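Nothing in this text is a laboratory measurement; each read-out follows from the coordinates by a stated rule. Quick caveat: nothing in here was measured; it's all calculated off a predicted structure. Glycine gets a Cβ as well: all are built from the backbone with ideal geometry, and neighbour counts include every protein chain shown.
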Amino acid sequence: MQLLDGKVVSAAIIQQLKSKVDDRKQKGLKTPHLAAILVGSNGASETYVASKVRHCEQIGFDSTLIRLDDNISEETLLQEIEKLNQDNDVDGILVQLPLPKHIKESKVIEAINADKDVDGFHPVSAGNLMLGLPSFIPATPYGIMLMLEHYNIPTAGKHAVVIGRSNIVGRPMSVLLSGQSKYGNCTVTLCHSKTDDLKKHTLQADIIVAALGKPGFLKGDMVKEGAIIIDVGITRVEDSTKKSGFAIKGDVDFAEVAPKSGYITPVPGGVGLMTIGALMTNTLQACERMHG
Ligand code: GUN
C-alpha cells in the first residue's frame, strides 16, 4: 500500500505556481487576481475561503474577499457578481457554496462570466469539459487528476468506479477518467444512491473514487486487492478530543481498506488539500487566457 500524500503534492503545485507568478512579475505581465464572495458565516465555508485567500498571498496572486450578509437579496448578489465580471483586473470569480436557501445557486453560477469561472461550475465550463475542449475543471476532480499525474499512476484500460453523481465531483470525475488524456482512458461506472448492489460494482473496480459524503461507507469487503482508492469525503463529525470539537472523516473506512489497497488517499491530508492547487491553477490559466 502506498499513501497518496496531498500535503506533498499540493506543496509541489503551489511552489510551481509561485515560480510562474514570480516569472510573470519579472516580465511585467499581469498578476493573477482571484475574487471570492462569501455569503453569511457558515463555519466550513469560512475556513475554506480563508485558506483560498491565504494561498493567493503565498503564491503571489492578488485577492479580493467580498463578505455579504446572510439575508442579502439574490438581486444584490447578482449585482456584486456583475461588478466583478466588468472589472478587468479580476481574472477569477468564485462564490462559495452553499448559499442561503432563498438564493438560487444555479442562477448565481450562471451569472459569472464563463471566462472567469475558475470553479468550473458554469454550464459553459461543464459543456466544454464534456466535449473534451479546453475548460476550467472543478477543483476536486482536477485535484484528483493532478494526484494521479504526480504519482504517475497508469489508468488507461482500467475500470474506475465513481460513487456519487454530484455536478461538482462525481459527474465531472467520470468525464475526466473516461476522457482521452494521459490519466484518463478508463472504463467508468458511475454509481449513486439508487444503484442496486453497489458492492458488486466496487469489487470489480481497479480505481474507486468515493464521493458520496457518508463517513466510513466503503468497507474492506467492498474492494478488491490492489485497488486504487480515492477518498473525497470531508464530513465534519463531533469529536470532543479535538480542540475544534470536530474531526474530518472520509467516505472510506481507512483501517479496513488501506491494507488491501494499492494506493490510497488519507483523510485529512489527501484530496482536500489538492483542491486549492487546482483552483489556483485555474486562476493562473484565466489570467493567461485574458491577458497573455
Ligand atoms: N463549496 C464546497 N466546495 C466548493 C468549491 O469548490 N467551490 C465553491 N465555490 N464552493 C464550494
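Summary table below
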{"item": "Nearest-20 debye value, segment 28-114 charge dipole, Cβ charges on Lys, Arg, Asp, Glu", "result": "220"}
{"item": "Residue among Val271, Val108, Thr47 farthest towards the positive dipole end of the chain, charges placed on Cβ", "result": "Val271"}
{"item": "Signed unit charges on C-beta, dipole axis of the chain, positive-most listed residue Gly216, Val21, Ala156", "result": "Ala156"}
{"item": "The chain, helix-only ellipticity at 222 nm - DSSP H runs n ≥ 4, -39,500 (n - 2.57), divided by all residues, nearest 500", "result": "-12500 deg cm²/dmol"}
{"item": "Least to most buried among Phe254, Phe136, Phe246, Phe61 (fewest other Cβ within 10 Å first)", "result": "Phe246, Phe254, Phe61, Phe136"}
{"item": "Alpha-carbon spread of the chain, three principal axes, descending order, Å", "result": "53, 42, 37"}
{"item": "Rounded tilt (10° steps) of 43-59 against the dominant C-alpha axis of the chain", "result": "70"}
{"item": "Radius of gyration and maximum dimension Dmax of segment 139-272, Cα, Å", "result": "14.2, 47"}
{"item": "Highest average packing first - 269-281, 198-210, Cβ atoms within 10 Å", "result": "269-281, 198-210"}
{"item": "DSSP-defined antiparallel bridges as percent of all bridges, the chain, nearest 5", "result": "10"}
{"item": "Cross-link reach list, lysines versus Lys200, counting only Cα pairs under 16 Å and skipping chain neighbours closer than eight places", "result": "Lys219, Lys224"}
{"item": "Beta bridge orientation in segment 172-292: antiparallel %, DSSP, nearest 5", "result": "35"}
